[in-house]
1. Is there a residue in the range 135-149 that is surrounded by fewer than 20 Cβ atoms within 10 Å (Cβ to Cβ), within 23 Å of residue 49 (Cα to Cα) and at pLDDT below 85?
2. Check every one of the helices (runs of 4 or more DSSP H) wholly within the range 808-860 and list those with 2 or more residues that are assigned by TED's automatic domain parsing to the domain that holds residue 789, touching a residue at least 12 places away in the same chain (Cβ under 8 Å) and within 21 Å of residue 724 (Cα to Cα).
3. What helices (runs of 4 or more DSSP H) completely inside the range 941-1000 contain at least 3 residues that are loosely packed, with under 13 Cβ neighbours inside 10 Å and without any contact (Cβ under 8 Å) to a residue 12 or more places away in the chain?
4. Just to check your reading of the model, which residue among 442, 417 is assigned to a helix (DSSP H, G or I) and surrounded by fewer than 21 Cβ atoms within 10 Å (Cβ to Cβ)?
5. Determine whether the range 344-354 contains at least one residue that is in the same structural domain as residue 413 (by TED's automatic domain parsing) and over 24 Å from residue 463 (Cβ atoms).
6. Are there any pairs with C-beta distances below 6 angstrom linking a residue in the range 498-513 that is in contact (Cβ under 8 Å) with a residue 12 or more places away in the chain to a residue that is in a strand (DSSP E or B), with the two at least 6 apart or on different chains, and if so which?
7. Which of the residues spanning the range 1063-1097 are modelled with pLDDT of 85 or more and assigned to a helix (DSSP H, G or I)?
8. May I ask you to verify whether residue 800 is assigned by TED's automatic domain parsing to the domain that holds residue 749 and either under 22 Å from residue 1130 (Cβ atoms) or surrounded by 20 or more Cβ atoms within 10 Å (Cβ to Cβ) (or both)?
């Protein structure tokens, strides 16, 4: 058993010391051993009397009684009067402290506090030992010292003075002189809130999050705590520090494990909502999912807090938008929780339950940066994120406490695993209870006489870390004097009124009389860290001054603790922005490159190393002169510089051997206007060059362009052209539907008209599915631009062209051939195809030599930073360094820590090379038509084309045999059209097979490509098809691929089902896809939440199509609607669509007759219509 220390506090020690002074026979020491092994089983302390039960050596219990002489009533009144009148006494009492000066005061007034001889006590014990004190009495005396350690006020209570009877009612003594208010579970989480606070959207909240500025506060926190708490036999700060380190190590293991795992649970992404269910003690009970209006338990992988925590951490940033808002809130909270544990920014908090006490581990709420993130997460969390089990059922927890308690569940779970054996095995029963309280999940009871004060002692020890936001707070005001010394004045601020007045004035104002004691009480707490305050408390009108050396100590050792306690500190202007010397540079013109043609910006730049002192820069020689024989705080111009020896030595070493700065790093430094976080300077010439470089100017559209560019498209085209002329690559990352292809075609045409494609050519690399679309767009908008599609088994490079269009697959296999051609510009569409750096097609695409490179992508930048490194490395090789360096410098801080500063720098250094506009941008919305229609051309897959051709051949033979039977012939023709429609949709729709492979249909692949982008942008989609069986296939593919539950409205649905589906699509943000059969969903529905309308198969009836499209585009639609018409190229679908668009009278006819007119076509017209074009690659 561990030997316990008694008399740990000043007063406990004085008690034992006084009794040892009269213990001439050295009998007290035997009592220490008895007390140490827990022989004192009962202890009661009242005025003038101590009663106890002590277990003897052979198991027998003895009754002990000690009578202490009580002060006379006149003596008590005198002492109470002095306690009330002397501020230093009274304020200490308010803080449950007994001032040490009291003993001298009592001795000076011949008022005996401790006994001078054993006869001052009347002591008795029922044991047979005649000696006084016997070992049982001595054990009780030691046990009393332990009680005095925990609550020194019992010394006065023994002598007849109850502090609670005379201390002001407004103090915490109004309830009890011993018990502080300890928070209960109900205080924290039971909901009594009636306010209808608006919950923010996740994307709004993530912009407010920033975990990067959360750093270790361990040392500052431990400084707040006393070394010898009254509830533990040793230094519990050491235990606390070990627990923080152990938790940090386990958090690192969790982080590593999460980064390596990629588990996926479909039920969670499909769920409409997700909840954490708590038991009555607010402990984790279950993870619940709500889907299809039913509540169910989550899968086994997430049955406990750790499982939920680790799964949420694994969700990639590029897919989090597809989860419901409950899961999104939990995901970001889990990221924040992991960061807190890694930075040891956690503290224990004592909580009272119905059956005992427990400790929950929470963030350091004194840190404003931490609190700001918790507030942001709270604003995002749905009101029913945490549900607590009550007799009446599941009740939502208090909304303002949900996130904090969720964090505490996860931290506590990790702490308990990390620290299960932290105290060792050789501990006292009391210490063992304390360790269980802090590091286990159980509810600990403290009901014995000797341990019932432990919860209060724990609470008092921890409460400094939970100082609440009070209305009346002290303000420290420092001023700089003419003699370069510093003075301190105290002010008191009423936060509701927003004004501050000097302490002396505040204390004298009558209206503040009821608050005076609490103000002095708070100030007295601060004297433990800032002893100079004692003078101001005793004489509020006095002035405390410090020389520069003293103030330096205050500035770096005392004020950080004061500010951590939430106290406002106002420094003199010269100190408000304390400067530390930093290595910086001045960017200038590279004289060696002056006069050369076609210079890139990076080659124009050069620099000189400088020392930054705030916004000022000085040379190395000037700096060395400044710091000669100096240290600490140094006055420089109108501010102070902090010269720290270690940091100065590092800076001087850097000046002797400066770091290397590449041309790309120098360009990034110039664009971000900082070097390693330190501001830089520019020469006037370079400032003008950079301004010109980053300015966008209008470039006249090409003469041969058969389109009028919208304003934002004109800007995008001008930007692409300007960057190319400056020798820089570009990433055009506009939202889907804004016309990236058109802007690029305009740029290519401009290159041709400028003669840039005469000797060198342009190559466009696309996914196979986009080959036809690119060809048709060039024909439509730039007919003068000669292009050749290089694809297929018989592909050749012997044609003349300005632009070669090929695929990523061909690029991989034919790289050697393509390298032989001189390329001016290489364009890649769907640039995420080069995201995998090690893939062969990425390597081939990147290795093709060209003067300029352009990438097109619609992916949100912040969601896929690793992808954007690869794409940026394609357009501007090496600009962002290696993949690992980029990940450490930008990707991880931005995605894991939501580092807003890193994100800002990333945007600045990439701004000249990345252009992204959203349909939701105000400047774009006003420039867009309310409805944008696009024809999307799809290739038939090889087997699909074979089936198509065979069906045509077989049916044409049958039609030729039915020439004389007009009705039969017409029926065969219409059956053929129906069959070909189904084959174009998917071969298995026609074959009635169940093996529905997506890859078998070019149209289904194109659909999913569109849906991928819609899901990435968190947009809703309507999909129209004429066939129920096709709708079933689409629903199966979509639900499997996106782990969602799409809706399907067809003719077999009841009116009630239809209304429920419409309401779900309109109201449920998690419901993204609504499939509708054209007849069932073409009229009478209001689906204005959709941003996309996809016509999977065409009706060839403009009126019917328009009616379907108008389900989304109608009154109440706040978004621009993008309409996608999927057409299989080279088939009858493309030919009929072209006929309708070119022949107005035919289009008018189809409004009323549908497809019936096809049955009347002549044989040669019909064959031409349904045959596959021989050269669909132009």
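1. No, the range 135-149 has no match at all.
2. 840-847
3. Numbers: elements: 942-961, 966-985, 987-991.
Qualifying helices (runs of 4 or more DSSP H): 942-961.
4. Working: 442 fails: assigned to a helix (DSSP H, G or I).
Result of the check over 442, 417: 417.
5. The answer is no; no qualifying residue exists.
6. Close Cβ pairs (under 6 Å, with a partner that is in a strand (DSSP E or B)) amount to 500/475; 500/491; 500/493; 502/491; 503/490; 503/492; 506/492.
7. 1063, 1064, 1065, 1066, 1067
8. no
The values are calculated or read from the model by the stated rules, or taken from the named source; none is laboratory data. Bear in mind that the values here come from a model prediction, so they are computed numbers and not experimental data. With ideal geometry, Cβ positions are generated from the backbone for all residues, glycine too; neighbour counts draw on all protein chains shown.
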